[in-house]
Amino acid sequence: MTGSDFLHLDPGDAPPRGRTAWLVQELREAIAGGALAPGTRLPASRVLAGDLSVARGTVVEAYRRLAEEGLLITNRGGGTEVARFASAPAAREALEAEPPPRALLNISAGVPDLSAFPRAAWLRAERRVLSTATSHDLGYTDPQGVPQLRAALARWLARSRGVTAAPERIIVTAGVTGALSLLAQVLRDRGVAECATEDPGAEGNRRILGYWLDALHPIPVGQDGMDVAALARTGARAVLVTPAHQFPTGVVLSPARRRELIAWAERRNGIVIEDDYDSEYRYDRAPVRALHAAAPERIVHVSSLSKVLAPGLRAGWMIAPACLHEELVRKRWATDQGSPALPQLALAELIDTGVLERHLRGLRLRHRERRDAAVAAIRHHLPGCRVEGIAAGLHLLVWLPGHVDDTAVAARAEEAGIAVQPLSAHRHAPGPPGLIIGYGPHPAARLDAAIQTIGSRSGLSSA
Ligand SMILES: Cc1ncc(COP(=O)(O)O)c(C=O)c1O
């Protein structure tokens, strides 16, 4: 019989195909029952896997799932320990939660590796903020954001994106979503009730703009980015673009198109909304500068920390031309008086102490490895399918053979427990089929398994 002295674990108790779930459950119970106290160091995955005679991947995956639940943390040296702030009630809650009817492995676009969230650093930042915040900091704050965060963002954006804006010109928002929503309302009040969007383009952003505005004009995207001549043929005076890394194709807006776009805005007295959502991730090329610096009085720059830290923070910002700024701040005041102060102060601390940049450097390496693994898995399991948009971001695009229905491929993948987005979900006009694969949260083995399933379920693995 195999087993480990550690918690007297005996894999003989586990169903043969469910060893990861078994180990997760055992560890959760040990945390809930207090057998594993906060701060306890766990055996290295290699050691525990050897003791239990299970694959090392089983232990790695179990540790990862518990890290995602916040019960374990991986420290910088690579060791794993019970989170110091993991509470027995939290583990008990996770233990008692109804298991999902089917565990969907979600390889949809848009999320970084959230198990790497710098929890310990965030906790330190919050502690420091709580011990230094003044009564003034805890009162009604400026609707455009606390000054400390706006100052930190101004320095960071200048360094990382070449965006120069005084802190007084930065408006802290609830992510890109919050920025688009405010902006659409202000534009509509000004009589700009139509906006052009990229096609294909982020469906979520289209829905938000469509909620507030009268009409959206889909503009085709090619290898050089949005077709500006097609934009000029519409009556729109506002346009939303993702110039550094087009969502979802991954193309970069070419220098010529950038110039055309700015010339269009000047001619039309228009506004370009630059969504810089995942521009911090560039792997094989020099970073693409933000568009904003080229025409700050024509461009609204919006971005967020959803791809760098976590979407759950709902932390983003907007830098708008002077003619819109005051109205945007007024709208934010009238909506909710601004974002909560304490998380803003903690974020300022993370930026000013360099934690955010260190975190980003680590994530870039990790995401790059995962991107390489996804590309290798696609070559292997979806032979003949072209991959694009791999130089940056957290997702890539796989072009499927022309006769294939990408929605049907995604539906078949879902039946097999894999959630993946078809390109057509982000299209307005019909076009060639594809799949958008988000690799950020997944280690290589999981990406390979998911892509293998897609290949076999769709019949594309033997194409
Ligand atoms: C292109 C693009 N822009 C913006 C967002 C939304 O970001 P946020 O979480 O900042 O609202 C997303 C989300 O995935 C996205 O794909």
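Cα convex hull of the range 103-206: mean projected area in nm², to one decimal?
10.8
Between GLU68 and GLU297, how high is the FRET efficiency from 1/(1 + (r/R0)^6) when r is the Cβ-Cβ distance and R₀ = 30 Å? Nearest 0.05.
The calculated FRET efficiency here is 0.10.
If you average 1/r over all unlike Cα pairs in the range 121-356 and invert the result, what Kirkwood radius do you get in angstrom?
Hydrodynamic radius (Kirkwood, Cα only) of the range 121-356 equals 18.1 Å.
Take the Cα pairs of the range 253-352, get the Kirkwood Rh, then feed it into Stokes-Einstein at 10 °C and 1.306 mPa s and tell me D in µm²/s.
Translational D for this selection: 102 µm²/s.
Let me check I've understood the local charge: for GLU260, count other residues with C-beta under 14 angstrom from its C-beta, Lys and Arg +1, Asp and Glu -1. What total comes out?
Charge balance near GLU260 sits at +4.
Could you tell me how many degrees, from 0 to 90 and to the nearest 10, lie between the Cα long axis of helix 119-132 and the main elongation axis, the longest principal axis, of the Cα atoms of the chain?
Helix 119-132 and the main axis of the chain meet at about 60 degrees.
Helix 341-352: angle to the longest alpha-carbon principal axis of the chain, degrees 0 to 90, nearest 10?
With both axes taken from Cα atoms, the answer is about 90 degrees.
Under the rule of at least 5 residues apart or a separate chain, name every residue whose amide H is placed under 5 Å from the amide H of ASP199.
Amide H to amide H, under 5 Å and 5 or more residues apart or across chains, ASP199 pairs with ILE219, VAL221.
What number, in percent, do you get for the relative contact order of the range 295-418 if the mean sequence gap of Cα pairs under 8 Å and at least 6 apart is divided by its residue count?
Values: 70 pairs, mean separation 14.2, N = 124.
With pairs under 8 Å counted, the relative contact order is 11 percent.
Say each of LEU342 and ASP13 gets a label point 7 Å from the Cα, pointing the same way as Cα to Cβ; how far apart are those two points in nm?
The two pseudo-label positions are separated by 3.8 nm.
In the range 236-325, which trypsin sites (Lys or Arg not before Pro) are in a loop and have at most 14 other Cβ atoms within 10 Å, using DSSP for the loop call?
When the trypsin sites (Lys or Arg not before Pro) of the range 236-325 are filtered for loop state and at most 14 Cβ neighbours within 10 Å, ARG285 remain.
I'd like the carbon and sulfur percentage of the solvent accessible area for the chain, probe radius 1.4 Å, heavy atoms only, ligands and nucleic acids excluded.
Percent of accessible area from carbon and sulfur atoms in the chain: 53.
Work from the charge dipole of the range 357-458 (Cβ charges, +1 for Lys and Arg, -1 for Asp and Glu, about the Cα centre) and give the residue of GLY402, ILE454, GLY438 farthest towards its positive end.
GLY438
Using only the Cα atoms of the range 6-98, build the gyration tensor, take square roots of its eigenvalues as a ≥ b ≥ c, and label the shape rounded, prolate or oblate: rounded if a/c is under 1.5, else prolate if a/b is larger than b/c, else oblate.
Judged from the Cα gyration tensor, the range 6-98 comes out oblate (a/c at least 1.5, b/c at or above a/b).
Using θ = phi - 60° and the Karplus curve 6.51 cos²θ - 1.76 cosθ + 1.60, what whole-Hz ³J(HN,Hα) does each residue of the range 191-203 get, with Gly and Pro shown as x?
Calculated HN-Hα couplings, in order: x, 9, 10, 10, 9, 8, 9, 6, 9, x, x, 4, 5 Hz.
Regarding the range 188-262, what are the three Cα extents along the principal axes, ordered largest first, in Å?
32, 23, 16
Can you compute the charge dipole magnitude of the chain about its Cα centre, using +1 on each Lys and Arg Cβ and -1 on each Asp and Glu Cβ, nothing else charged? Give it in debye, rounded to the nearest 20. Let's see the in-between values first.
Working: 54 positive and 49 negative charges, 204 e Å.
Here the size comes out at about 980 debye.
So what are the radius of gyration and Dmax for the Cα set of the chain, in Å?
For the chain, the Cα radius of gyration and maximum Cα-Cα distance read 23.7, 78 Å.
Of THR453, THR242, which has the most accessible area with a 1.4 Å probe, and how do the rest follow in descending order?
Highest to lowest solvent-accessible surface, that is THR453, THR242.
Once the Cα gyration tensor of the range 409-458 is found, what semi-axes does its equivalent ellipsoid get, as square roots of 5 times the eigenvalues, in whole Å, sorted largest first?
21, 13, 8
Amide H neighbours of GLY434 under 5 Å, counting only residues 5+ apart in sequence or on other chains, H built in-plane at 1.01 Å?
Under 5 Å from the amide H of GLY434: LEU400, ASP406, LEU423, SER424.
For the range 357-458, give the magnitude of the charge dipole about the Cα centre (Cβ charges: +1 Lys/Arg, -1 Asp/Glu; no others), in debye to the nearest 20.
I would put it at about 420 debye.
Report, to the nearest 10°, how far helix 322-336 tilts away from the longest principal axis of the Cα atoms in the chain, using its own Cα long axis and a range of 0 to 90°.
Here the helix axis deviates by roughly 50 degrees.
Hey, with R₀ at 35 Å, roughly what FRET efficiency would ALA411 and ARG386 work out to, going by the Cβ-Cβ distance, to 0.05?
Working: r = 22 Å, r/R0 = 0.63.
That pair, ALA411 with ARG386, gives E of 0.95.
With a point put 7 Å past each Cα toward its Cβ, work out how far ASP137 is from GLU369 in nm, to one decimal.
It works out to 3.6 nm between the two label points.
Per-residue HN-Hα couplings for the range 229-235, Karplus 6.51 cos²θ - 1.76 cosθ + 1.60 at θ = phi - 60°, whole Hz, x for Gly and Pro?
The phi angles translate into 5, 5, 4, 5, 7, 8, x Hz.
Kindly provide the pair-distance distribution of the range 357-458 built from C-alpha pairs, with 10 Å bins from 0 and whole-percent values in order of increasing distance.
Pairs per bin, as whole percents: 16, 49, 27, 7, 0.
Quote to one decimal, in nm, the extra length available between ARG188 and ALA256 on full extension: 0.36 nm per residue of separation minus the C-alpha distance between them.
In short, 21.5 nm is gained.
Return one whole number: the accessible area per residue of the range 6-98 in Å², for a 1.4 Å probe.
Here the per-residue accessible area is 52 Å².
Check THR173: other-chain or 5+ apart residues with amide H under 5 Å from its amide H, H built from backbone geometry?
So THR173 has HN proximity to GLY316, TRP317, MET318.
I need the phi-derived Karplus couplings for the range 206-211: 6.51 cos²θ - 1.76 cosθ + 1.60, θ = phi - 60°, integer Hz, Gly and Pro marked x.
Result, ordered by residue: 4, 5, 5, 4, x, 5 Hz.
The values are calculated or read from the model by the stated rules, or taken from the named source; none is laboratory data. Since the model is a prediction, treat every value here as computed from it, not as a measurement. When we count neighbours, we look across all protein chains shown, and the Cβ atoms used for this are built from the backbone with ideal geometry, even at glycine. Side chains are part of the model used for accessible areas, which takes the heavy atoms of the whole protein and leaves out ligands, DNA and RNA. Shrake-Rupley method; radii C 1.70, N 1.55, O 1.52, S 1.80 Å.
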